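This report concerns only the one structure given below.
The values are calculated or read from the model by the stated rules, or taken from the named source; none is laboratory data. Just so we're clear, the structure is a prediction, and the values are computed from it rather than from any experiment. As a convention, Cβ positions derive from the backbone with ideal geometry for all residues, glycine included, and neighbour counts pool all protein chains shown.
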Amino acid sequence: GKAGKAEGEFDSPLCIAITGGQDIVATDYRNKCLQVVDKEGGFKRKIDLGFQPEWIAVDGLGRIVVTVGWQVLVLLPNGTSVCEFGDRDFGYILRVATDSRNHVIVSDMRNNNVKVFDPEYGIVFKFGKHGSGDGQLDHPMGLYVDEDDNIIVCDSHNHRVSQFDRDGLFVRHLLTREDGLHYPWGLSLMQDGKMVVCDMNSKNGRMKLFSLK
């Protein structure tokens, strides 16, 4: 891609997700759309939204989950709206992920918790509260769900990455300030088990690669 407004061109792409067919779906923020490209980068389709999409995930059924402000929207692969949920009690900056059960998992920075919704988008449970103790959160940001449905959370203002099980029970801190972490905003796991973290420290943001213990 390159800068622009045409198909296959972007203006402030914020987030990507990978479909089961290995297509790449990107939120094209200023162009108010989603763009889908194949794994080689070839343009496939554009989904016009009429609003500025922020964070995104794709579930096992191919449904696209998009956040905008305090709302979460669910779309079919062709862009048809399935539903939307969320209210003003949600924080403004929401991150989203899905698990193998097609649950939608949302980190709520304002309320310092993580909410889990079932495939029909009713809330199942939430976990976390403001604090610095085990299982507590302070400005949770990026999420990652591993192959065992463990929920891994960037606990940004506690300067750590924490692991919870599929039921929201605290397991352990995977990374902390002692590992050189400052303000983690996003993360992913590589096939070899290493973790890549976007760290927005006070001097300059950078990506860091960690070998987990």
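Does GLN35 satisfy the criteria of being under 23 Å from GLY142 (Cα atoms) and part of a strand (DSSP E or B)?
Spelling it out, GLN35 is indeed under 23 Å from GLY142 (Cα atoms) and part of a strand (DSSP E or B).
Give the number of residues within segment 89-135 that are surrounded by fewer than 19 Cβ atoms within 10 Å (Cβ to Cβ) and either closer than 21 Å to THR19 by Cα or among the charged types (D, E, K, R) (or both).
Residues meeting the conditions: 12.
Please work out which residue is modelled with the lowest pLDDT, limiting yourself to segment 165-213 and to residues that are of a type in the set (Lys, Arg) and in a strand (DSSP E or B). Talk me through it step by step, then tell me what you get.
Pass one, segment 165-213, residues of a type in the set (Lys, Arg): 166, 172, 177, 194, 203, 206, 208, 213.
Within this subset, residues satisfying the condition of being in a strand (DSSP E or B) are 172, 206, 208.
Details: ARG172: 96, ARG206: 76, LYS208: 81.
Here the answer is ARG206.
For segment 143-163, give me the residue count where each residue is among the acidic types (Asp, Glu), modelled with pLDDT of 95 or more and under 14 Å from the mean Cα position of the chain (by Cα).
Adding up the residues that qualify gives 1.
Taking GLY79, is it in a loop (DSSP other than H, G, I, E, B), loosely packed, with under 15 Cβ neighbours inside 10 Å and not polar (S, T, N, Q)? Let's see the steps before the verdict.
Working: in a loop (DSSP other than H, G, I, E, B): yes; loosely packed, with under 15 Cβ neighbours inside 10 Å: no; not polar (S, T, N, Q): yes.
Answer is no for this residue.
Taking segment 85-105 as the region of interest, how many residues are closer than 17 Å to VAL153 by Cβ and either part of a strand (DSSP E or B) or touching a Lys or Arg at 6+ places or on another chain (Cβ under 6 Å) (or both)? Spell out the reasoning first.
Filtering segment 85-105 down to residues closer than 17 Å to VAL153 by Cβ leaves 90-91, 93-99, 103-105.
Filter once more, so that each one left must be either part of a strand (DSSP E or B) or touching a Lys or Arg at 6+ places or on another chain (Cβ under 6 Å) (or both): 91, 94-98, 104-105.
Residues meeting the conditions: 8.
Is there any pair with a first residue in segment 160-175 that is on the phi > 0 side of the Ramachandran plot and a second that is part of a strand (DSSP E or B) and of a type outside the set (S, T, N, Q) whose Cβ atoms are under 6 Å apart and which are 6 or more apart or on different chains, and what are they?
Sorted first by the residue in segment 160-175, then by its partner, the pairs are GLY168/PHE125; GLY168/PHE127.
To keep it simple, each residue is scored yes or no on (1) modelled with pLDDT under 90; (2) among the small types (Gly, Ala, Ser); (3) in a strand (DSSP E or B); (4) within 21 Å of GLY186 (Cβ to Cβ).
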position: GLU7; (1), (2), (3), (4): yes, no, no, no
position: ARG45; (1), (2), (3), (4): no, no, yes, no
position: GLY62; (1), (2), (3), (4): no, yes, no, no
position: CYS83; (1), (2), (3), (4): no, no, yes, no
position: SER107; (1), (2), (3), (4): no, yes, yes, yes
